[in-house]
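Trainee: Before we start, here is the structure in question, set down as structure tokens.
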């Protein structure tokens with residue numbers, strides 16, 4: 001990808017700091033509220049059924065609007081949309097932290113999700129502008145990729161610290177100073193990005209895909225309580241699927257679609273997106289239930305449970321930055337994605353042997369490190385393959401698509417495995433029954449990772465030998 005003017009090395013790496021910070025924050029905001037949920041429920045009056053929407057309102061809005069964020073990035077320039085996303089995220093964070101009612105809290109989370117949906121695809125486009133065509137691109141992808149699990153783990157840790165020693169609104173307010181830091185350097189550290197595409201904004205497509213995804217997630221999340229075969233679950237599911245069908249009809253007929261359907265026929269892009277979807281479903285679910293096992297079964301405090309996840313984060317950083325790029329250069333993206341998903345599946349299966357009277361050193365640490373190794377190997381090459389498979393004018397849309405796959409995979413995977421946990425453990429479970437439920441969830445997550453490995457092995461085809469563009473250094 002060409003750039004309007006040469007970019008100095010110092011400016012390029014400062015830009016990467018801002019881009020990695022963006023990835024860190026949008027993932028942190030999905031996890032930081034977990035420990036604070038009991039306090040939020042007590043002070044704002046959430047019911048047990050509605051409390052999950054403090055999490056889902058953000059994830060569904062984020063995932064549903066990512067394609068629109070990618071399209072806006074292509075239309076108006078990635079740097080402008082990146083900055084606008086941070087402004088919206090600040091507004092949502094202040095709203096969520098100051099909320100005094102259930103409705104305002106959920107509204108604040110929706111605004112946060114909308115801001116993140118603009119930031120994430122624009123950040124990936126800016127990364128390609130800074131490092132595309134350079135030998136540092138795999139390393140830049142590794143730094144960006146490592147920011148995601150760091151954000152997830154840091155969210156749990158910070159959420160515990162802030163909830164325990166300050167107050168729950170600060171799990172939202174902590175985003176504001178980070179956002180101001182990024183905005184202070186955006187104009188000087190990130191390249192100006194001219195429009196790369198022409199056309200109108202597909203509002204109908206954005207509404208149908210967002211509402212469709214929200215309806216499907218809502219149905220899955222609430223099914224364990226109201227029943228899988230009730231009129232509510234079936235009706236909402238059917239409505240969500242119908243909206244998604246309408247979305248694809250709009251895309252097929254529109255002159256300026258939110259998502260050009262031909263892009264989905266690119267074999268590498270489709271395979272990489274499938275890998276990201278199932279990787280998100282397996283990895284995020286593992287993190288969620290592992291945190292609950294540590295607190296609810298082993299009796300760890302919120303602070304201790306967050307700290308217990310730090311070794312995984314450290315390993316992820318080391319592997320993504322220092323090891324994965326070298327392995328990818330030698331063996332290619334496909335081999336790394338498949339082997340990474342298989343290792344993740346093995347780690348999750350190992351975790352399924354957790355015991356109600358277990359210990360962190362025996363039951364959690366070794367298996368979680370194996371799972372983290374697998375995730376580290378699979379994440380960056382699947383992300384890079386998806387972005388590099390798209391034409392330059394559609395980098396933003398491809399960024400939005402691959403981010404959507406990961407986020408929606410996370411939401412749906414967590415919803416389904418939550419249903420499995422409480423289907424196995426029952427309504428008022430003992431520690432033994434809870435452990436059995438979490439064990440079942442780890443087995444389910446392992447199966448998802450294994451399915452991802454099989455699909456990638458079959459569907460990801462190595463391109464026929466041809467002169468590779470200079471800006472596409474990541475092989476598949």
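Trainee: What is the number of the single condition among (1) crowded, with 21+ Cβ neighbours inside 10 Å; (2) farther than 17 Å from residue 409 by Cβ; (3) at pLDDT 85 or above that residue 44 does not meet?
Mentor: (1) is the only condition that residue 44 fails.
Trainee: Residue 390 fails exactly one of the following numbered conditions: (1) at pLDDT below 80; (2) part of a helix (DSSP H, G or I). What is the number of that condition?
Mentor: (2)
Trainee: A further question on this structure: From 323, 317, 284, grab the single residue that is under 20 Å from the mean Cα position of the chain (by Cα), assigned to a helix (DSSP H, G or I) and surrounded by fewer than 22 Cβ atoms within 10 Å (Cβ to Cβ).
Mentor: Of 323, 317, 284, the one residue that is under 20 Å from the mean Cα position of the chain (by Cα), assigned to a helix (DSSP H, G or I) and surrounded by fewer than 22 Cβ atoms within 10 Å (Cβ to Cβ) is 317.
Trainee: Next question, about the same structure. Among 381, 366, 392, which is the only one that is farther than 30 Å from residue 81 by Cβ and either in the same structural domain as residue 263 (by TED's automatic domain parsing) or free of Cβ contacts under 8 Å to residues at least 60 places away in the same chain (or both)?
Mentor: Criteria check complete, one pass: 366.
Trainee: Mind checking whether some residue in region 58-77 is at pLDDT below 80, within 19 Å of residue 399 (Cβ to Cβ) and not assigned by TED's automatic domain parsing to the domain that holds residue 133?
Mentor: no
Trainee: While we're looking at this one, here's another question. For the condition part of a helix (DSSP H, G or I), under 30 Å from residue 297 (Cα atoms), over 16 Å from the mean Cα position of the chain (by Cα) and modelled with pLDDT of 90 or more, what is the one hit in 451, 420?
Mentor: Selected residue: 451, the only one of 451, 420 that is part of a helix (DSSP H, G or I), under 30 Å from residue 297 (Cα atoms), over 16 Å from the mean Cα position of the chain (by Cα) and modelled with pLDDT of 90 or more.
Trainee: Would you point out the residue of region 182-222, among those that are more than 21 Å from residue 65 (Cβ to Cβ) and surrounded by 14 or more Cβ atoms within 10 Å (Cβ to Cβ), that is modelled with the lowest pLDDT?
Mentor: Per the stated criteria, the residue is 222.
Trainee: Being in contact (Cβ under 8 Å) with a residue 12 or more places away in the chain and part of a helix (DSSP H, G or I) is the filter; apply it to region 246-262 and report the residue that is surrounded by the fewest Cβ atoms within 10 Å (Cβ to Cβ).
Mentor: My answer is 261.
The rows are residues; the columns are (1) crowded, with 22+ Cβ neighbours inside 10 Å; (2) farther than 15 Å from residue 138 by Cα.
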| position | (1), (2) |
| --- | --- |
| 329 | no, no |
| 334 | yes, no |
| 341 | yes, yes |
| 350 | no, yes |
| 378 | yes, no |
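Trainee: Filter region 223-238 down to the residues that are within 25 Å of the chain's Cα centre (by Cα) and modelled with pLDDT of 85 or more, then identify the one that is surrounded by the fewest Cβ atoms within 10 Å (Cβ to Cβ).
Mentor: Going through the qualifying residues, I end up with 237.
Trainee: For region 423-448, which residues satisfy the criterion of being in a helix (DSSP H, G or I) and either free of Cβ contacts under 8 Å to residues at least 40 places away in the same chain or under 30 Å from residue 65 (Cα atoms) (or both)?
Mentor: 424, 425, 433, 436, 437, 441, 442, 444, 445, 446, 447, 448
Trainee: Residue 171 - would you say it is surrounded by 22 or more Cβ atoms within 10 Å (Cβ to Cβ) and within 22 Å of the chain's Cα centre (by Cα)?
Mentor: Answer is yes for this residue.
Trainee: Quick one: how many residues across region 357-383 are more than 15 Å from the chain's Cα centre (by Cα) and closer than 16 Å to residue 324 by Cβ?
Mentor: Of the residues in that region, 8 qualify.
Trainee: Go over the candidates 53, 86 one by one and state the one that is in contact with a helix residue (DSSP H, G or I) (Cβ under 6 Å, 6 or more places away or on another chain), in the same structural domain as residue 411 (by TED's automatic domain parsing) and under 18 Å from residue 175 (Cβ atoms).
Mentor: 86
Trainee: Please list, ordered by first then second residue, the pairs with beta carbon atoms under 6 Å, 6 or more apart or interchain, first in region 127-148 and farther than 21 Å from residue 29 by Cα, second in a loop (DSSP other than H, G, I, E, B) and at pLDDT 85 or above.
Mentor: Once the first residue is farther than 21 Å from residue 29 by Cα and sits in region 127-148, its partners that are in a loop (DSSP other than H, G, I, E, B) and at pLDDT 85 or above give 129/191.
Trainee: Do the conditions hold for residue 371, that is, is it in contact (Cβ under 8 Å) with a residue 12 or more places away in the chain and out of contact with any strand residue (DSSP E or B) (no Cβ under 6 Å at 6 or more places or on another chain)?
Mentor: It is true that residue 371 is in contact (Cβ under 8 Å) with a residue 12 or more places away in the chain and out of contact with any strand residue (DSSP E or B) (no Cβ under 6 Å at 6 or more places or on another chain).
Trainee: Any idea which of (1) surrounded by fewer than 17 Cβ atoms within 10 Å (Cβ to Cβ); (2) at pLDDT below 85; (3) within 21 Å of the chain's Cα centre (by Cα) is the one residue 265 doesn't satisfy?
Mentor: Checking residue 265 against (1) surrounded by fewer than 17 Cβ atoms within 10 Å (Cβ to Cβ); (2) at pLDDT below 85; (3) within 21 Å of the chain's Cα centre (by Cα), the one that fails is (3).
Trainee: Among what's in region 294-312 and is crowded, with 19+ Cβ neighbours inside 10 Å, in a helix (DSSP H, G or I) and within 22 Å of the chain's Cα centre (by Cα), pick the residue that is modelled with the lowest pLDDT.
Mentor: Looking at the filtered set, the residue picked out is 306.
The values are calculated or read from the model by the stated rules, or taken from the named source; none is laboratory data. Just so it is clear, the structure is predicted and the values come from calculations on it, not from any experiment. Note: ideal-geometry Cβ built from the backbone for every residue, glycine included; neighbour counts use all protein chains shown.
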